[in-house]
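Note sheet for the following structure.
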Amino acid sequence: MRILILLLVLFFVASASAQKPFPCGTPAEKSPWLKNYQKNTAAFRLSTDTILYVPMTIHSVGTDEGTAHFLTTRILDAFCTLNEDMAASNIQFFIEGEINFINNTALNQHDTVIDGAFFMFQYNVANTLNTYFVTDPAGNCGYNLPYAGVMMNKSCSNPDDHTWAHEVGHALSLPHPFYGWEGGISWDNSVPPVYSEPAPERVLANYTSYKDSLITDTLIIDTIWVEKVDRSNCTFAADGFCDTPPDYIAQRWTCNSNSESPIQQTDPDGVKFQSDGTLIMSYSDDMCANRFSAEQTNAMRANLLDEKQNLLYNQIPKLPISNAPVLLEPAADQTVAFNQVRFAWKPAPEATHYLLQVSRLPNFPIIEYQATFTDTTALVNVLQANRTYYWRVRPFNSHYSCAGFTQGVKFQTSATSSTGQLSSSAGFFARPTLISRGQPVEIIFRNQSEDIKILAISDAAGRLIFKRQIQTTQGSYLADTQNLSPGIYFFVLENASGRFFQKVVVR
């Protein structure tokens with residue numbers, strides 16, 4: 001089955017390589033499902049009063065060396081915009097699992113949509129809509145491949161961009177409103193449009209990728225009706241939606257003050273018109289595009305409820321985050337040990353994750369450190385001594401990413417531990433400190449008078465791995481390291497006297 005799907009995708013995407021200059025690299029198509037839907041829309045349920053929650057796996061792709069990743073804060077901003085764009089359709093996405101960081105230069109900058117398809121099959125998570133953020137998705141702002149996923153250009157994924165919603169529209173069955181004009185009047189771009197002249201009754205499109213068989217030696221060129229201004233053929237011409245007016249412009253355009261195209265076009269009856277720039281599925285600029293039509297919305301909902309029911313397995317949403325976390329430490333102007341800075345904040349109701357950022361400047365133009373945590377504490381050992389820093393936190397959960405950062409708090413670092421900060425192994429020592437994966441670490445307590453202590457393990461990025469109350473009257477505790485991957489870890493002991501740490505390396 002996987003081989004058959006892969007062959008279908010390869011046939012499907014073969015026509016996309018010629019569209020690299022376009023904002024969207026999704027091949028021009030009208031899926032068999034959409035054709036069937038538009039023949040009898042009344043046969044499909046829509047449940048328009050119910051919000052449909054759709055799981056999405058987000059992949060941030062960087063280079064082999066781990067650079068050029070899309071910043072988590074930008075992913076959260078883009079995800080907020082996506083859900084705002086889909087809100088009127090009563091469709092909302094949620095992040096399934098954690099953001100997946102992939103170090104793969106070939107995927108981060110791939111030359112063809114076919115290359116992207118191969119990588120999607122390698123990394124996709126089943127039963128979710130997979131989105132990949134890369135530096136160059138075959139020269140496009142983005143593209144969608146059926147049976148695979150959405151590929152997004154980081155530079156086209158700003159908070160005021162609607163490319164992600166455009167590609168998601170494709171994933172949920174929608175073609176462009178100018179469907180059929182992607183190759184000009186002819187499928188191979190050999191006959192460009194002349195907008196001042198009446199458009200032909202039909203244009204030609206390459207339908208080789210959509211035939212029922214896997215025979216590849218026959219080129220199938222289909223004819224597509226051109227939509228007229230009077231809507232007399234709107235049910236079967238172009239995208240088949242009667243509430244998306246005629247549009248013949250298959251390249252990026254900037255709308256005028258009336259949210260229309262500056263290019264005047266001529267329909268087959270000789271009627272002049274300008275394209276509607278408010279439709280997200282058009283190629284109008286992001287300042288203009290802002291909506292899906294009612295019929296487009298109905299098609300997306302029907303597609304989810306019929307063809308993509310496997311995506312509707314979890315319909316219990318997380319609530320929005322209305323209150324910001326309260327930053328506790330480092331407090332304003334506090335001086336802390338540079339090599340073991342403990343960050344702590346009070347939780348924000350409904351938040352499950354927190355993005356911590358540290359910068360040298362109060363407006364955070366350059367980020368010295370950032371990481372995502374599910375706890376409300378972080379242990380960071382990568383800052384420099386005798387420096388001024390600012391830190392802030394942004395809460396989010398799987399369904400809601402629109403909460404902003406807290407105000408930044410200034411602190412200083414020193415080369416020595418300040419009062420109340422971590423001290424190196426003063427309350428215990430661990431042995432051995434260089435271990436193989438799975439080898440237990442023995443914690444030896446210097447003071448057995450206190451019966452209960454807290455042992456925590458954090459990784460080099462400060463993410464909490466383990467935390468547990470332990471009895472110390474026996475003088476030692478054997479820590480399990482089965483779940484620790486190779487790397488640097490900090491074993492932290494908390495008691496009434498303070499917090500003490502020791503570094504352990506797993507090889």
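Probe radius 1.4 Å, ligands and nucleic acids left out: which of ILE58, ILE99 has the largest accessible area, and how do the rest follow? Write down the numbers at each step before the final one.
Details: ILE58 0, ILE99 30 Å².
Descending order: ILE99, ILE58.
Under a 1.4 angstrom probe, counting protein chains only, how are GLU201, GLU182 ranked by accessible area, largest first?
GLU201, GLU182
List the lysines whose Cα sits under 18 Å from the Cα of LYS453, skipping any in the same chain fewer than 8 residues away.
Once the sequence-local lysines are set aside, what remains near LYS453 is LYS467.
Helix-derived [θ] at 222 nm for the chain: sum -39500 (n - 2.57) over DSSP H runs of at least 4, divide by residue count, nearest 500?
Estimated from H runs of four or more residues: -4000 deg cm²/dmol.
Taking the chain as the reference, fit the longest principal axis to its C-alpha atoms, fit the long axis of helix 72-86 to the helix C-alpha atoms, and give the angle between the two in degrees, 0 to 90, nearest 10.
The answer is roughly 40 degrees.
To check you understand DSSP bridge types, tell me what percent of the beta bridges within region 349-396 (both residues inside) are antiparallel, rounded to 5. Write out the running numbers ahead of the final one.
Numbers: 13 of 13 bridges.
Around 100 percent of the beta bridges assigned by DSSP in region 349-396 are antiparallel ones.
Under a point spin-label approximation (7 Å from Cα along Cα-to-Cβ), what is the PHE466-ALA87 distance to one decimal in nm?
Placing both labels 7 Å along Cα→Cβ, they lie 4.5 nm apart.
Using Cα atoms only, what is the angle between the long axis of helix 294-306 and the major principal axis of the chain, expressed in degrees (0 to 90) to the nearest 10?
The two axes meet at around 60 degrees.
I'd like to check one number: the per residue accessible area of the chain, probe 1.4 Å, reported in Å² as a whole number.
For the chain, the per-residue accessible area is 43 Å².
Using only the alpha-carbon atoms, how far is helix 113-123 inclined from the longest principal axis of the chain? Give it as 0 to 90 degrees, nearest 10.
Rounded to the nearest ten degrees, it is 40.
Using only the Cα atoms of the chain, build the gyration tensor, take square roots of its eigenvalues as a ≥ b ≥ c, and label the shape rounded, prolate or oblate: rounded if a/c is under 1.5, else prolate if a/b is larger than b/c, else oblate.
On the way: a/c = 2.70, a/b = 2.33, b/c = 1.16.
Because a/c hits 1.5 or more and a/b exceeds b/c, the chain counts as prolate.
If you check each cysteine of the chain for another cysteine whose beta-carbon is under 4.7 Å away, which ones come up empty?
By the Cβ distance rule, which asks for a partner under 4.7 Å, the isolated cysteines are CYS24.
Checking the cross-link filter: which lysines have an alpha carbon closer than 20 Å to that of LYS35, excluding same-chain neighbours under 8 positions apart?
LYS211, LYS228, LYS308
Relative to the present Cα-Cα distance, how much length would full extension add between ASN103 and ASN314 at 0.36 nm per residue of separation?
In short, 73.0 nm is gained.
Leaving out ligands, DNA and RNA but keeping every protein chain, what accessible area does LYS410 have, in Å² rounded to the nearest 10, with a 1.4 Å probe?
70
Heavy atoms only, probe 1.4 angstrom, no DNA, RNA or ligands counted: give me GLU96, GLU167, GLU494 ranked by accessible area, highest first.
Working: GLU96 65, GLU167 0, GLU494 40 Å².
Ranked from most to least accessible, the order is GLU96, GLU494, GLU167.
Taking 8 Å as the Cα distance limit and 6 or more residues as the minimum spacing, I'd like the relative contact order of the chain as a percentage.
11
The values are calculated or read from the model by the stated rules, or taken from the named source; none is laboratory data. Computed from a predicted model, the values in this text were never measured in an experiment. Methodologically, a virtual Cβ is constructed for each residue, glycine included, from the backbone with ideal geometry; neighbour enumeration extends over all protein chains shown. To get the accessible areas, we keep the full protein, side chains included, count just its heavy atoms, and leave off ligands, DNA and RNA. Shrake-Rupley method; radii C 1.70, N 1.55, O 1.52, S 1.80 Å.
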